[in-house]
Amino acid sequence: MKKFFSLAFVSVIMLTSLAACGGNNTSNAPATNKPAANNTATEKPDDKGTEEASTIKGKVVFLTNRTDMVDKEYVDYKKRFEEKYPGVNLTFETTTDYDQSLKVRIASGDFPDVVFVPTIPNSELPNYFTPLDDIQFSDELYFKDLKAHEGKMYGISSGGSTVGIVYNKKAFEKAGVTAVPTTYDEFLAAAQKLKDAGIVPLASNFKDKWPLDAWVYDVPTIIGEEPAHQNLRAETDTPYTLDNAYGKSWGILRELYTKGFLEKDVNSTNWEQSKKEVANGTFGMYLLGNWVINQVIENGAPSEDIGFFPFPADNSGVAKAPLNPDYFYAINKKGNVEAAKAFVKWIIEESGYDDFAGFIPTLKSKEPKLAQLAEFNSFNVKYFEPAQPVDAATQIQNKAQLDQASVVQEFVLSKDPQKVFDKVNKAWAKAKKDLGL
Amino acid sequence: MFSRLPFKTQKNYVVFGFVALPLLLLFTFAYYPALELIRLSFTSWDGLSPNKPWIGWSNYQEVFSNPEIFGVFKHNFAYFAVGIVQNIAAIYFAVVLNSKLKGKNFFRLLLFLPYILNGVAVAYLFGYVFDTTNGSLNYLLGQLGFGALSETSWLGNGSFVNYTLASIGFWRFMGFNMVIYLAALQSIPSDIYEAASIDGANGWQKFISITLPNIYKIIELNLFLTVTGSLEVFDLPYVLTKGGPAGASETFVMKIVETAFQFNNYGLASAMSVVLLLFVIIVLSIQRFLLNGRGE
C-alpha cells in the first residue's frame, strides 16, 4: 500500500513538472517552429498550436456517432492530439441513434464538451453552445453561416458532401454504355441499356426511406437551381405541385419506377445488400452522396471501377450538384471550452478525418483526396451551397407531421400523384394557418 | 436500538420497512413517469426547451380530430385477428404436448425458443425470409413450382403487409402462450379425465367440458396479452417496413415515436400515449364484460 502511494506521488510530481516544462518552453521561445511535444512524424510543426498548448488543460469528451472508429482511428487521434496538447485528456464517447440520445442529454443539462449539432432550431443554439468565431483557421470555411444565429457561428461542419450518380464502370461497360450521360435523355437511354443487359439500372433503396432524401433535398435543388427550396415552402399554401421542383423531381423517380429502372420490388429493398450488388455490378447506379463510394469499395469493388458523375436531371447539359454539410461540431458552453476549441481546430485541420470519411474538406483550399470526387469535379460542376434553414418551414412541417420521404413513396406508388399532393398541401395549409405564419 | 421498543411497534417498523421500499421504487419508476406523461400531454413541449407551455385540451382534440393519427388503429386489427388464431394454435399444441408423447420436452423447447429471441433480431431475420427477390420464402415457393406466387412482395403489398408482419408475431409469441396454457393444463387433476373416460366421453367431449372450463381464466389472460400486444406493436414494422408501403403498415406506437422524436412534438405524443393507455383500459373492460359470468 505504501509503495502504491509513493508511486502515485512520484507520478503526480513528474506530471506536474512536465507540464511546467511545457509552459516554460512555449513562453520563452514562442518563435520556434518546434511543437511543445516531442518531434513526431505525424505532427505538422505549428507554432500557434504550441502557444495555445500551454494554457489548454483538462478533460475533453467528444460524443461521436462513428462507433466503427472506436479502438481504431480514435486511438490514433487521441495519441496525436495529446502529443500536441499534453495537458488535455481526450476521450471519445459513442452513441448510436445520435440525435435523439443527444437531445435527451441536452435537455438534462449535462452533455459532453464537443458534440455534433442536433436537429434543433438555430435560435436555440446560443442556449447550449458557445460561439466559435474566434477559432483561427488557416483558411476560409465552407458552411460558415448554416449553424449561426445573430451573426455568431455555433457549428463548424465536419466536412461536405455532394450528391450525384455513383456507378459501377464495369456494369456500364457490360451494358455498352460508353459515355457518361450528361442529359436526362441520355440518362434514360443508359438506364434502358443497363436494364436490357440484365442489370438493375438504379438502386433506389426505396423501402428504407432515408435514401430518398436525395430526391427530397438535392434533386429539387438541381432542377430548380435554388438551394433554399425547403425554406420557400413557408411562403405558400401549396408547396408541392406537379410543375414545381418537387413535382418534377419526384416525377423523375416515378418515371424510373414505371419504366422498371429501379429494383424489381421497391418495397423490398435491402441497403446492406445493395452495396454489395453495386460493388459486383448487378446494380448499376446509386443516386446518393459521395460518402457511399468508400462503402461500396469496402464491399469489394476495386476503387477504379467505381465512378461518380453529376445527376443530369434535365436536358440542359449543365453539370449541377448540391454541396451539403455533414454533421457540425459544436461546443458545450458549460464544458471545457478552450480545450474543446483546440480539439475542433485540430480535427478540422490535422486529424485527417475528412479524408477518412471521404468528405469534401471544410477548409476551402484543401483538395478532396477521393479520386471519384476529382472525377466528379472534372465535369465542371456548378455547386449550390445550402441556405440557412428557416424555422418557419420546419415548424410548419412538424406541425403538419409531414415526412417528405414518405410522401415521395406515396407519390411514386400512387395511381394519382396529384391526389397525394392535394392531401399534403391541405395539411400544410392548415398547419400554416394554425401557427399563424 | 429497536429491541427496547414494544413488540407491536417493532412489528410496525418491519412492516413499514418492507412496504416502503417497493412502493418507493414503484412510485419513482412507474407512477411518477405516468403522471409526468399526463402533465406533458397538456403542454406543447418540444422535447428540449426548459419551458413547457400549457395548452389545455388541444392535444387531445388533435388526436381525435386528425384521421391521420387515429386511422392507423385499423392496421392493428390484423395483429388482433392473427392473435386469435395464435391462441387457438397455442391451446392445440399445449393439449398435444401435454399428452403422452415421445420427445415432448424437445418439442416444447422448439416451440418456445422463438420467444427468447430479441425482437429486432427476429425482425431482421424475417427481412431475409420475406425479401421478394432473394428471400427464402419466395425461393421455397419457386422450388415447389408456384411460379406466380414466388414473385409475391410480402412486405410491399399494402393489402396484406400487416398480416405478413402479424404472422411473424404468431411465430414469436405462440410458444409463450403455449407455455402458459401448458402450466394451466398440468394443474387440472387427472382423476376428472379418468372419471369422464369411465363415463364414456371421447377426447373432444373431454376437451370441451373439462379442459376449456378449467383453463378459462388463463384464456382470458392470454387474450388480454394478445389485445394489448396487438395495440402496441412497434418493433416489427419499425425495423421491417418503416411503416411502408406508403404508410400501410404504420402502427399507433410508431406514430407516437415519430411525433415525439421526428416532429419534436412531445406534448402531442404524450397525449397520444395517454389515449393509447385509455384505449387499452377500454378494450380490456369490454373483454372482461363480455367474458364474465361464464368463468365464475
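What follows draws every value from the coordinates through simple rules; no lab data is involved. Computed from a prediction, not measured in an experiment: that's the story for all the values here. As a convention, Cβ positions derive from the backbone with ideal geometry for all residues, glycine included, and neighbour counts pool all protein chains shown.
Hey, which lysines would be in cross-link range of residue B:52, C-alpha to C-alpha under 18 Å, not counting anything within fewer than 8 residues on its own chain?
Those lysines meeting the cut-off are A:103, A:399.
Rounded to the nearest 500 deg cm²/dmol, what is the calculated helix-only ellipticity per residue at 222 nm for the protein assembly as shown, with -39500 (n - 2.57) per DSSP H run of length n ≥ 4?
Taken over the protein assembly as shown, the calculation gives -16000 deg cm²/dmol.
Quote the relative contact order of chain A in percent (integer), defining contacts as alpha-carbon pairs under 8 Å separated by 6+ residues.
Rounded, it is 21 percent for chain A.
With a 10 Å Cβ neighbour count serving as the proxy for reagent exposure, in which order, fewest first, do A:303, A:365 appear?
A:365, A:303
Using the Karplus curve 6.51 cos²θ - 1.76 cosθ + 1.60 with θ = phi - 60°, what ³J(HN,Hα) values do you get for each residue of the stretch B:273-289, in whole Hz, with x for Gly and Pro?
5, 5, 4, 4, 4, 4, 4, 4, 4, 5, 4, 5, 5, 4, 4, 5, 4
Classify the stretch A:299-437 from the C-alpha gyration tensor, please: rounded if a/c falls under 1.5, else prolate or oblate depending on whether a/b exceeds b/c.
Verdict is oblate for the stretch A:299-437.
Using 1/(1 + (r/R0)^6) with R0 = 45 angstrom and r between the beta carbons of residue B:228 and residue A:338, what's the FRET efficiency to the nearest 0.05?
0.25
Just tell me which lysines come within less than 25 Å, Cα to Cα, of residue B:206; anything on the same chain fewer than 8 places away is out.
Within the straight-line cut-off, residue B:206 pairs with B:100, B:102, B:104, B:217.
Quick one, can you get me the convex hull of the C-alpha atoms of chain B expressed as volume per residue in Å³?
That works out to 248 Å³ per residue.
From the backbone phi of the stretch A:415-421, what are the Karplus-calculated ³J(HN,Hα) couplings (6.51 cos²θ - 1.76 cosθ + 1.60, θ = phi - 60°) in whole Hz, Gly and Pro given as x?
Rounded to whole hertz, the list is 6, 10, x, 4, 5, 4, 5.
Averaged over its residues, how many other protein chain Cβ atoms are within 10 Å of peptide B:242-250's Cβ atoms?
6
Place a label point 7 angstrom from the Cα of residue B:280 along the Cα-to-Cβ direction, then list the residues of the stretch B:113-151 whose backbone nitrogen is under 19 Å away.
B:119-120
Need one number: nm distance between label points at residue B:61 and residue A:68, each 7 Å from Cα along Cα→Cβ, rounded to one decimal.
Going from the residue B:61 label point to the residue A:68 one covers 4.9 nm.
What angle, in degrees between 0 and 90 and rounded to the nearest 10, separates the Cα long axis of helix A:404-413 from the longest principal axis of the Cα atoms of chain A?
Once rounded, one gets 20 degrees.
Please check: in the Gaussian network model of chain B (C-alpha springs, under 10 Å), which one of B:194, B:36, B:250 has the largest mean-square fluctuation.
B:194
Starting at the first residue of the stretch A:74-85, write each ³J(HN,Hα) from the Karplus equation 6.51 cos²θ - 1.76 cosθ + 1.60 with θ = phi - 60°, in whole Hz, x for Gly and Pro.
5, 4, 5, 4, 4, 4, 5, 5, 6, 5, 6, 10
May I ask you to compute the full-extension gain from residue A:258 to residue A:97, defined as 0.36 nm times their residue separation minus their alpha-carbon distance, rounded to one decimal in nm?
Contour length minus Cα-Cα distance gives 54.5 nm.
How big is the stretch B:106-195 by Rg and Dmax over its Cα atoms, in Å?
For the stretch B:106-195, the Cα-based Rg and Dmax read 18.0, 57 Å.
Which whole-number percent is the relative contact order of the stretch B:7-65 (Cα, under 8 Å, 6+ apart)?
With pairs under 8 Å counted, the relative contact order is 20 percent.
What is the distance in Å between the Cα centres of the stretch A:383-425 and the stretch B:209-270?
Using only Cα atoms to place each centre, the spacing works out to 27 Å.
Obtain the nm distance between the two label points defined at residue A:189 and residue B:18 by a simple spin-label model: each point lies 7 Å from its Cα along the Cα-to-C-beta direction.
Placing both labels 7 Å beyond Cα along the Cβ direction yields 8.7 nm.
Could you compute the FRET efficiency for residue B:106 and residue B:288, with r as their C-beta to C-beta distance and R0 at 41 Å, rounded to 0.05?
Efficiency computed from Cβ-Cβ geometry: 0.65.
Can you sort B:75, A:149, A:229 from fewest to most other Cβ atoms within 10 Å of each residue's own Cβ?
A:149, A:229, B:75
Express the C-alpha Rg of the protein assembly as shown as a ratio against the empirical globular expectation 2.2 N^0.38 Å, rounded to two decimals.
Its radius of gyration relative to the 2.2 N^0.38 Å reference: 1.16.
Could you give me D for the stretch B:7-65, from Stokes-Einstein at 25 °C and 0.890 mPa s, where the hydrodynamic radius is the Kirkwood radius over C-alpha pairs? Units µm² s⁻¹, please.
The Stokes-Einstein estimate is 170 µm²/s.
Using only Cα atoms, locate the centre of the stretch A:280-355 and the centre of the stretch A:123-162, then give the distance between them in Å, rounded to an integer.
Using only Cα atoms to place each centre, the spacing works out to 18 Å.
Can you give me the long-range amide H partners of residue A:288? Hydrogens built in the peptide plane at 1.01 Å from N, cutoff under 5 Å, separation of 5 or more residues or another chain.
A:164, A:166
I want the local charge near residue B:182. Using Cβ-Cβ distances under 13 Å, sum +1 for each Lys or Arg and -1 for each Asp or Glu among the other residues.
Net local charge, residue B:182 excluded: +2.
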